[in-house]
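Down below is the structure, laid out as structure tokens.
Taken together, the values in this text are just the output of simple stated rules run on the coordinates, not laboratory data. Note that the coordinates shown come from a computational prediction; the quantities given were computed from them, not determined experimentally. Virtual Cβ from ideal backbone geometry, glycine too; neighbours counted across all protein chains shown.
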Amino acid sequence: MEAKVDAKGRIIVPARYRKSLEQENDSALYLERDAAFNCIKVYPHAFWRKKVEKYESTLNMDDEDDERLHRQMMSRVEYVEMDASGKILIPKLHLTKCKIDTDSRIIGRGYYFEIWDDAVLNEESYTDEEYKKVKQEKMGNKTVRQLTINN
């Protein structure tokens, strides 16, 4: 879905996610700068809490490397509130680090969504032929529906 980041760094949360947040009576969102790609992952509070709990359950906070990893992960996250018009303010650091300018794209990922700069997403994406080849290699002849039914 195409989206615009305004001059103040705000973006409108897609209606699908707004409705879900409104049903849970929760406007809290967590913005995480992705470690592998130049995008921002946006999580609702409940999903973020589960992700953190799972992540923390794998760490030993008495281990310096685990503590450093946890600190770095959490330093990439910002808590934001959605305003009455459905907008969130994205911190300037997130916009800069992820190279997000005015023209952006929102990619739904189930319980969360990603915000990408249009040009960066195009650079990171497969061509149609590459996509077809990689999809075939990863999934074989199975369709997404068959994978869901069989699992």
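Ignoring lysines fewer than eight residues from K41 along the same chain, the ones with Cα atoms less than 20 angstrom from its Cα are K4, K8, K19, K50, K51, K54, K87, K92, K97, K99. Over all other residues within a Cβ to Cβ distance under 15 Å of D118, the charged ones net out to -4, with Lys and Arg as +1 and Asp and Glu as -1. Here the residues T58, T96, ranked from fewest to most Cβ neighbours within 10 Å of their Cβ, fall in the order T58, T96.
A simple count of charges around G108, restricted to other residues whose Cβ falls under 14 Å of its Cβ and scoring Lys, Arg +1 and Asp, Glu -1, yields +4.
When all alpha carbon pairs of the chain are counted in 5 Å bins from zero, the resulting P(r) reads 2, 8, 16, 17, 16, 16, 13, 10, 3, 0 %.
Helix-only arithmetic for the chain: the sum of -39500 (n - 2.57) across DSSP H runs with n ≥ 4, divided by the residue total, places the mean residue ellipticity at 222 nm at -12500 deg cm²/dmol.
Here the simple spin-label model places points 7 Å from the Cα toward Cβ, and for Y131 and D118 these points are separated by 1.7 nm.
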